[in-house]
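Notes follow once the structure below has been shown.
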Amino acid sequence: MEATTRTMQRLSIIILLICTPLLLCSKGTKTTEIDFSILNGKMTLRGVLSEPENLIPNAPLLVLVSPPQPISRDYRGFFKALSDTLNKYGIATFRYDNRNFSDTINSEPNDGRYTIHDGADDLHDAIAFLKKNQNRPIGLVGHSEGGSISIVETARNPEVKFLLLLATSGLSGEQFAYSQQVSRLEYLSHIVPTQKMKLFKYNLYRTIHILANNPDNETAFSKLRAEARRFYRENETQKLGKESFFGKQSEDEYVKDVFRRPEEDKRYLAFIRYNPADYFPTIKCPVFIAYAKDDNLMRYKENQEGLERFLMENRHLDYYSIAIDSVTHSFEDSGGIFQPLMPHFVRHEKKQNKGYQAGKGFSELCRNMVAWIENRKDLLKK
């Protein structure tokens, strides 16, 4: 079955490339620094518009969207490489320093300060600014949690004509958080007693479930506090190995530890309450989906199948979905045959001081993106 799937994907790629007009490589690119306001003028973000000399008539302007972390416009080199490559194919891009990176209000970056909804609001302002100055269709390219931001914005903004999702969650936040964290625990199963592992998983499940299904923080935290105390009292006497499940933690210390992340990390709390299924009913534009088969941060297949299921449930058939061999979460070439021997969450990207490594997998990603866009001439005319 998997071999048949790979054959069909390769055939789809060949058909796309054959049907795509031959694009000329750009001889040069014009870059323009752009500032736009967010938060009703209280803050300004800075980005760069990159326009190739051989700009395709009516081609979309692709806005590159990063996760709500302290990330500059270049996204550790990934967005710079993506922009440069798309420019060579005659497609303009806009990428910007996100709010967490640019925060001049609270000064120091904090991964937990801003959420996907804050990111969507900023993206909305960026699109509004670009539409005033650019007479071309707007497309979004969201990577990872930036893809979730793009989904939220596309669902409410008819100005978005293309949606390209790269390594984006296709599960509810509750499912994704549990799956990601359990996958890390499972690599410890050979050294952690079975009963202790079950307790870890149960505790994780209950914590995430309570937070995800109670959107009011006061209610959620009240229920979580009661659950944490109950869990402690029921299991404090269990001896798993030489010590109890809780080690030397008192009940109050354990409860405080349970609350540390949900109280301090707004980004995490918002994400586990996020569900892509809520947004796809109003997404009508074409959707491009790409995953990395050696993704080190997520189980790609269940997320890919999740996005495809949301589209099918809403009778949305104008989409293209691909999974690229031997690349990591950021679409850098991975360790190849050695990758399956390593935990999927172990980083295999090149060290940042070496810069982003755009290899064969990255090139395959870009070729598919360009071919997919070029074959939607009806939208390029709008």
Open item on the list: What does the C-alpha gyration tensor say about the overall shape of region 160-231? Classify as rounded when a/c is under 1.5, otherwise prolate if a/b is larger than b/c, or oblate.
Closed with: oblate
Task: region 246-340 shape via C-alpha gyration tensor axes, a/c threshold 1.5 - done: oblate
- [ ] Decide, for region 118-249, between rounded, prolate and oblate: order the square roots of the alpha carbon gyration tensor eigenvalues as a ≥ b ≥ c, take rounded if a/c falls under 1.5, and otherwise choose prolate if a/b is larger than b/c, else oblate.
- [x] prolate
Open item on the list: With every protein chain kept in place and ligands, DNA and RNA left out, what is the accessible area per residue of region 199-293? Probe 1.4 Å, answer in Å².
Closed with: 54
Task: Exceeding the 22 Å Cα-Cα cut-off - candidates LYS223/LYS266; LYS266/LYS301; LYS201/LYS223; LYS30/LYS132 - done: LYS266/LYS301
Open item on the list: For the full complex of protein chains and a 1.4 angstrom probe, list HIS329, HIS209 by accessible area with the highest value first.
Closed with: HIS209, HIS329
TODO: Could you please report the charge total around GLY142, scoring K, R as +1 and D, E as -1 over all other residues with beta-carbon less than 15 angstrom from its beta-carbon?
DONE: -1
Open item on the list: What is the sum of charges, Lys and Arg at +1 and Asp and Glu at -1, for the other residues whose Cβ falls under 15 Å from the Cβ of TYR178?
Closed with: +4
Open item on the list: Roughly how far apart, in whole Å, are the Cα centres of region 262-294 and region 199-261?
Closed with: 26
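The values are calculated or read from the model by the stated rules, or taken from the named source; none is laboratory data. Since the structure is predicted, the reported quantities are computational estimates derived from the model, not experimental observations. Note that each Cβ is placed from the backbone with ideal geometry, even for glycine, and that neighbours are counted across all protein chains shown. These area figures cover heavy atoms from the full protein model, side chains too; ligands, DNA and RNA do not enter into them. Shrake-Rupley method; radii C 1.70, N 1.55, O 1.52, S 1.80 Å.
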